[in-house]
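Notes for the one structure printed next.
Read-outs throughout are calculated quantities, based only on the coordinates presented, and are distinct from any laboratory measurement. Since we're looking at a predicted model, the values are computed, not measured. Ideal geometry is used to build each Cβ from the backbone, glycine not excepted, and the neighbour counts take in all protein chains shown.
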Amino acid sequence: MRPARTRPAARHTRRAAATLVTVALGAALAGCGSIGGARQVIDRAHLVNQLASRLDRASELTYTADYQLPGGAHATITQAQDPVRAAYTYPGGRFATTPDATIDCRTDNGTMTCTLTAPPSPSTDATTTLLNALRDRGLVPPTLVVGLLTAASLSPNTVIEQHDTTLAGEHATCVEVSGVENSVASQFDACITSAGVLGSFKGTVNSKEMEVSLNRYVASVAQDAFDVPGGAQTVDERAKNNS
């Protein structure tokens, strides 16, 4: 029997973004701000929904995206469908979700250990789980960018400048955001490709500087992209979690 498909985190985030933006629009149009202020809210709402829609479409794609990190390090986001799988590989580790397990690999004193726990369930808060797993590991998950754009759309003093560029041969829409209030990042730059893949991000999130830039994108995945890396020690806690 095929395992239930876990809804991608980006889709949950998009729906939350749309809800919050709708509330902001309603308040502006009801007279809670000036005509100019209402127009700014509408413009930001349109931009957030456009970029969130791209990320949502990308959650249903099969692809491999390689990123360059500061200092010359590299990281990779890989995902595939039928069944849904995702892997985030960063210097010294990998975090992956498959129908069989959640795989969390970390390196300590030169030895990589991969802990296997139960796969995500349909009721799992996939966004929070992913952000917690990748915290302080240098890789920027797309769902984080959607959340930051949502916060920007709701902040009345936000300034958003938009331009287009090309990253790794892919056309991308970029935004330079500043003046965001009540957010984990008050200022950041982000680019989203036409396919919906995160093209680049640069900003300070929760007092931590984060920067990634796409340098390769292919619509395929390696056969072992979601496996435990070769030579890693494995700790299987799935039986313990089910007992």
Report the equivalent ellipsoid semi-axes for the range 65-168 in whole Å, largest first, defined as the square roots of five times the eigenvalues of the gyration tensor built from alpha carbon atoms.
27, 19, 14
Sorted by Cβ density within 10 Å, fewest first, the residues 77, 192:
77, 192
Could you sort the peptides 172-180, 87-95 by per-residue average Cβ neighbour count (10 Å cutoff), highest mean leading?
87-95, 172-180
Phi-based couplings in Hz for the range 99-111 (Karplus 6.51, -1.76, 1.60; Gly and Pro marked x):
x, 9, 6, 9, 10, 10, 10, 9, 9, 9, 6, x, 10
What distance in nm lies between label points placed 7 Å from Cα along the C-beta direction at residue 109 and residue 166?
5.0
Expressed in nm to one decimal, what extension gain is obtained for the pair residue 135 and residue 234 from 0.36 nm per residue of sequence separation less their Cα-Cα distance?
33.5 nm
Listed by chain and number, the residues whose amide H is under 5 Å from that of residue 199, excluding neighbours fewer than 5 places away on the same chain and using placed H, are 191, 192, 193
